[in-house]
1. Please go through (1) part of a strand (DSSP E or B); (2) at negative phi; (3) in contact (Cβ under 8 Å) with a residue 40 or more places away in the chain for G296 and return the number of the only condition it doesn't satisfy.
2. So which of K158, K151 is in contact with a Pro (Cβ under 7 Å, 6 or more places away or on another chain) and assigned by TED's automatic domain parsing to the domain that holds T261?
3. Take the residues in the stretch 173-232 that are acidic (D, E) and surrounded by fewer than 23 Cβ atoms within 10 Å (Cβ to Cβ); name whichever of them is nearest to K158 (Cα to Cα).
4. Go through the residues of the stretch 242-257 one by one and say whether even a single one is hydroxyl-bearing (S, T, Y) and more than 23 Å from R183 (Cα to Cα).
5. Among (1) surrounded by 19 or more Cβ atoms within 10 Å (Cβ to Cβ); (2) out of contact with any strand residue (DSSP E or B) (no Cβ under 8 Å at 6 or more places or on another chain); (3) at pLDDT 95 or above, which single condition is V256 missing?
6. Is it true that T215 is touching a residue at least 40 places away in the same chain (Cβ under 8 Å), under 29 Å from N81 (Cα atoms) and not basic (K, R)?
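The values are calculated or read from the model by the stated rules, or taken from the named source; none is laboratory data. All of these numbers come straight from a predicted model, not from anything done at the bench. Using ideal geometry, Cβ is built from the backbone for each residue, glycine included, and neighbour counts are taken over all protein chains shown.
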Amino acid sequence: MNIRKKLKRWLFIINSTAGRGKTGRKICKLVNLLNERGFDYDVEITKAPRHAIELTRNKIKDGYRKIAAVGGDGTINEVVNGIMISKKSDEVILGLIPEGGGNDFSRNFRIPSDLEKAVDILEKENTSRVDVGKIEDFYFINALGLGFDAKVAEYADKIRYLNGLPRYFLALMQAMLKLKPHRLFVKINEELMDISTLLVSVGNGLSTGGGFLLTPEAQVDDGKFDICVITEVKFLRLLKLLPTVLTGKHVNEPEVRIIHTSHLEIKSDKKLPVYYDGELPNLKNPFEIIIDLLPGKINFICPVVKD
């Protein structure tokens, strides 16, 4: 196939293990739906963690410019990394069919998990320029967490028999039993903070962990992060605080601070647990972390074109 044809041809990158395997069970249904709608498309199924990064980068090099990620937050994260590494992000449009466990990024645009409705959105090709976060050589599109929420993500990654919010609730309970504050030296907007924290959540999007609204006012296209800093709390106080995170009401609590920035630096004497978009990266330097926001880097297909 020549490059000119590939420019208009869809590429669906499918993580068949997303959502604890539920995506794999829907592949035939998706293919039948795409055929019924008259899509011109190819399908690639990932074979291992980080395979979607390689697939995306190579397929963009081959000429594809219309890509749809089929999976959860980890899948779209890998596709975003492939797009950014390709250096062709201005030319590519990215769509999403949310079929993962958490599907937090899709909440920013209220993209339904219903296949037919998600394909409807792809067909219209309405795009919004979405910001991207960067840490070392990695990119993230929804959220990055340090501290307690990163430990929750570690526990959730090991739970195989639950999905979505129930999985994160169980992981949260496990993490609470080993609750440890982190002393951090944080630089945000030229302000230096020496704090003992429960967590620092860097929100490009509004939710994480399958629906926890740590940064409920965050917008993925406003050119800044919403940073949620929660200082050290005792076990019983955390029990009272957690339900408010599901509604975003925690932002009114005295232990919580929301800060807006496009750049932050975090240092610690101890190795920091970190996760982003449901992924657990292997950082070169987990003691000193620099996080930057790159505005408007991804052309994302969404239900409504945002002004």
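1. That leaves (2) as the condition not met.
2. The match here is K151.
3. Ranking the qualifying residues of the stretch 173-232, first place goes to E232.
4. Checked against the condition, which is being hydroxyl-bearing (S, T, Y) and more than 23 Å from R183 (Cα to Cα), the stretch 242-257 yields at least one hit.
5. (2)
6. So T215 passes the test.
Residue-wise test of (1) at pLDDT 95 or above; (2) under 15 Å from S113 (Cβ atoms); (3) under 17 Å from the mean Cα position of the chain (by Cα).
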{"residue": "K6", "(1), (2), (3)": "no, no, no"}
{"residue": "A18", "(1), (2), (3)": "no, yes, yes"}
{"residue": "A48", "(1), (2), (3)": "no, no, no"}
{"residue": "I60", "(1), (2), (3)": "yes, no, no"}
{"residue": "I76", "(1), (2), (3)": "yes, yes, yes"}
{"residue": "I83", "(1), (2), (3)": "yes, no, yes"}
{"residue": "G101", "(1), (2), (3)": "no, yes, yes"}
